[in-house]
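Q: The structure under discussion is supplied below as structure tokens; questions concerning it will follow.
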Amino acid sequence: MSTQSDTKPDISAKPKRGLLLTAVAALLLVGAIALDTKFVTIGSEHDVRAEVFSPETFGASEFPKTQASIEERAVDAKTLAEAILANKADAGKKYGVGAVGPVIPITFTGVAGEAKSGIYTVAADGLPEGITIRVQTGPAINGTELRDATGTIVFGQFTNQIEYQDAGSALNNEMKRQVLAGIDTKTLTGKTITVTGVFKLVNPKNWLVTPVRIKVQ
């Protein structure tokens, strides 16, 4: 009588081989990922967090440069007023930065009048009649004159319009911290002040100055 062979095919071999191949593939994948992974030291040039725009950092690093540039180029108010009254466009090109509404650096000494919402009208020495100078001292500092004063800070340096606006606000805030924080801006009326700052030339007879330096006598 014939008998069946005691040797039977191992029906579990294929599943075992499949599991083994899967495990090997997984190990190879993990190895490839590990080889492709770059470990970044915090604060290094590859730390992407350093690429995120920080208004506070920007203001602290850029305001001293902006301040120095404005002080170096500041025009005496009397000289500037005469030039503007003679030819506004030429004065803007000669002394200012920007083709439309040029931002002009200025310096003057005068007596501060009454304040309105933190803005003082100043009777500047030697200023032609009919020209008004006002200086904003906060708490709100408006405008982007500090950002636009040098021509070295441009939109292309930033990711989007929000960052560009934040850069202007950051410079204003840093100016408040470095310049205005040490002055009692609520009691300037009647005092003689020397101001260096910038304004946007829109109305030739009304200048709103953002200061970068104020000396109270």
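The values are calculated or read from the model by the stated rules, or taken from the named source; none is laboratory data. All of these numbers come straight from a predicted model, not from anything done at the bench. As a convention, Cβ positions derive from the backbone with ideal geometry for all residues, glycine included, and neighbour counts pool all protein chains shown. Quick note on the areas: whole protein, heavy atoms, side chains included, nothing else; ligands and nucleic acids left out. Shrake-Rupley method; radii C 1.70, N 1.55, O 1.52, S 1.80 Å.
Q: So how much accessible area does residue 146 have, in Å² to the nearest 10, using a 1.4 Å probe?
A: 0
Q: Cα-Cα over 20 Å: which of 191/215; 78/176; 88/116; 65/116; 116/191; 93/200?
A: Result: 78/176; 88/116; 65/116 exceed 20 Å.
Q: Just to confirm a number: summing +1 for Lys and Arg and -1 for Asp and Glu over residues other than residue 166 whose beta-carbon lies under 14 angstrom from that of residue 166, what do you get?
A: Working: positive: 147; negative: 56, 62, 163, 174.
That works out to -3.
Q: Now for a different question. How much net charge surrounds residue 111 when only other residues with a Cβ under 10 Å from its Cβ are counted (Lys, Arg +1; Asp, Glu -1)?
A: Once positives and negatives cancel, what remains is 0.
Q: Antiparallel versus total DSSP beta bridges in region 122-217: what percent is that, nearest 5?
A: 65
Q: Which net charge results for the neighbourhood of residue 147, defined as the other residues with beta-carbon distances under 14 angstrom from its beta-carbon, given Lys and Arg at +1 and Asp and Glu at -1?
A: That sum, taken over residues with Cβ under 14 Å, equals -4.
Q: Kirkwood hydrodynamic radius of region 138-198 from all distinct Cα pairs, in Å?
A: 13.2
Q: Could you pull out the chymotrypsin sites (Phe, Trp or Tyr not before Pro) across region 140-181 that fall in loop regions by DSSP (anything but H, G, I, E, B) with no more than 16 other Cβ atoms inside 10 Å?
A: Filter output for region 140-181: 158.
Q: Please report how far the C-alpha centroid of region 47-125 lies from that of region 154-215, rounded to the nearest whole angstrom.
A: 7
Q: To continue, here is another question. Using only the Cα atoms, work out Rg/Rh for region 80-217, with Rh taken as the Kirkwood radius, to two decimals. Let's see the in-between values first.
A: Working: Rg = 15.1 Å, Rh = 15.5 Å.
Rg/Rh for region 80-217 comes to 0.97.
Q: So, one more: Loop-only check: which GluC sites (Glu not before Pro) in region 86-154 are DSSP coil with at most 11 other Cβ within 10 angstrom?
A: Counting only loop positions with at most 11 other Cβ atoms within 10 Å, the GluC sites (Glu not before Pro) in region 86-154 are 129.
Q: If 210, 144 are ordered by their accessible area, calculated over protein heavy atoms with a 1.4 Å probe, which sequence runs from highest to lowest? List each step's numbers first, then the result.
A: Working: 210 0, 144 30 Å².
The ordering from most to least exposed comes out as 144, 210.
Q: Just to confirm, what accessible area per residue do you get for region 137-197 at 1.4 Å probe, in whole Å²?
A: That works out to 49 Å² for each residue.
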